[in-house]
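Derivation of every value follows stated rules applied to the coordinates shown; laboratory data play no part. This structure is a prediction, so every number in the text was calculated from the model and none was measured. Virtual Cβ from ideal backbone geometry, glycine too; neighbours counted across all protein chains shown.
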Amino acid sequence: MPKILMLDCKQEISSFNPLPSEYSNFHVIRGDRMLDHRGLNTEVAGALAIFDGRGDVEVIPTIAARAGSAGLLSAAGWAKLSGEILEAVAARADEADAVYASMHGAMGAEGELDPEGFLLTEVRRMIGPDTPLVLSLDLHGICTDRMLRQIDGLTLYHTYPHVDFADTGARAARLLLRLLDGEVRPVIARVVMPALVRGDELVTATGCYGDLIRECQRIERDDTALAAGIMIGNPFTDVPELCSQVLVTCDGDAETARAEALRLAAEFWPQRHRMQGKLIALDRAIAQARTMRGPVIFTDAADATSSGATGDSNAIVKALRAAGYPGRVLAQIVDPAAAAAAHAAGVGATIRTTLGGAMDPARYPPMEVEAQVRLLSDGQARLETMGTPLDAGPSAVLAFANFTIVVLSRTVSLFDRALYYSNGCNPRDFDLTVVKSPHTEFHMYDAWVEKNFNIDAPGATSADLPSLGHTICARPMFPMEPDATFTPEAVLYARSGG
Ligand SMILES: [Zn+2]
């Protein structure tokens, strides 16, 4: 019975987060514990469902290492992480007839700015040139030339906000089985576009990016392509190959892969101007919010923890307080010292503490508050969409004046309402909620708020991309260089064994 080796390694970093990630940021599971993914909305779960359904293949689960988004991984952290991953794969590589690798694509480590490329190169070395290897990536990843030279095919998320984790894993698994059966000979066409994009037009259900993704899905469904997608990179991961790119995989038909990839790129490029964040100044947003019945949300995409920011921004809360905004405000701030002070004092106590700037004090000078401790928690929650666990560490709800602040000890994804709910706060009970994610699923906020203000605030993941100071990615790059030009060119990848 053919054996399929599985590995999983995911993190997304912001190069503009001053705090490095460490090995301890990663939740690592080994061997059969990977099978616990069954039933979750993850790539591993989606792939397992396909392999399980087939009946005549055996799965070799090796290792899954996942970390929340954060700063660049330290050299020591990367050495330990990569060592453990390659050791786990090496222990079973001899048995593998095929490999499925689930990755994000926007990792970065001190001394290794293409961690996924390194891992895939080493895995390829272990399994030899002829063993099929299929990869899945987040559309915010950076797929490098080195990665493409190791793989036989790849599948990409088709949704943003992301909901198709399991589906992407399932598509990868089906492609891998077709390779294993000798049915297909994939050829991948890559077209790189020198543009970084952001903003509401990237929401696939409603934005112009979604129209292009639906073209990718169409050519997958009508069998023009084995897989197709458009990666936009994480614009905050400043690495040499950061870009937007079209990737089309066809069965033995290089010309079609090339033509489809070039066509999609030609449609994407002119829309780069629309695909930029449209931000409103904080004082202006506050002035408008005062005149509205509400509720409203203030989107703080500059401190988006799921894109790699620290989560300790107090910029919006500080400005609302200074402006005397009268409505009930709900916000989240990562501040382990404030959470510890609340836990030491107990529920009902009044504490004097500072809030914000715990990790990035240069951007966010701490603000002093005298607050009542309303609730204490262990910070455990589950993401609404994926069902995977979040561990924000000791957490507290602090209240002062018209402000309710959920204080977390650790930086975790805040792209849904999980940590508001798990700390007893319902955004619907407030006039203004701060959301530290560029977008959320529509039903979570946009469906019921009067307005979603996209705030221009400081942060490691600001949509004002030219303000960040990229130093490593290829230049010229739009929008840092508004006149950057695009030379349409497809590069083809095909493995001789495939
Ligand atoms: Zn993503």
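Listing for the model above:
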{"read-out": "Scattering profile of the stretch 280-463 at q = 0.15, 0.16, 0.17 Å⁻¹ [log10 I(q)/I(0), Debye over alpha-carbon scatterers]", "value": "-0.79, -0.91, -1.05"}
{"read-out": "Charge dipole of the chain about the Cα centre (unit charges at C-beta), most positive-ward option of VAL491, ILE13, SER422", "value": "SER422"}
{"read-out": "Exposure proxy ranking, count of Cβ atoms within 10 Å, fewest first, for MET6, MET275, MET1", "value": "MET1, MET275, MET6"}
{"read-out": "The chain: relative contact order in percent, alpha carbon pairs under 8 Å with at least 6 residues between", "value": "18 percent"}
{"read-out": "Most to least packed among 119-125, 428-434 [average Cβ atoms within 10 Å]", "value": "428-434, 119-125"}
{"read-out": "Cα-based Kirkwood hydrodynamic radius, the chain, one decimal, Å", "value": "23.2 Å"}
{"read-out": "Mean Cβ count within 10 Å, highest first, over the residues of peptides 473-485, 391-403", "value": "391-403, 473-485"}
{"read-out": "Amide H contacts under 5 Å for MET193, placed H, 5+ residues apart", "value": "SER244, GLN245, VAL246"}
{"read-out": "Phi to ³J(HN,Hα) by Karplus 6.51 cos²θ - 1.76 cosθ + 1.60 over the stretch 230-240, Hz, x for Gly, Pro", "value": "10, 8, 10, x, 9, x, 9, 8, 7, 10, x"}
{"read-out": "The chain - mean residue ellipticity at 222 nm from DSSP helices (-39,500 (n - 2.57) per run, n ≥ 4, rounded to 500)", "value": "-7500 deg cm²/dmol"}
{"read-out": "Normalised contact order of the stretch 280-463, rounded percent, pairs of Cα under 8 Å and 6 or more residues apart", "value": "37 percent"}
{"read-out": "Per-residue Cβ neighbour rank within 10 angstrom, fewest leading, HIS470, HIS273, HIS37", "value": "HIS273, HIS470, HIS37"}
{"read-out": "Cross-link pairs beyond the 27 Å C-alpha cut-off, checked among LYS80/LYS436; LYS10/LYS318; LYS278/LYS318", "value": "LYS80/LYS436; LYS10/LYS318"}
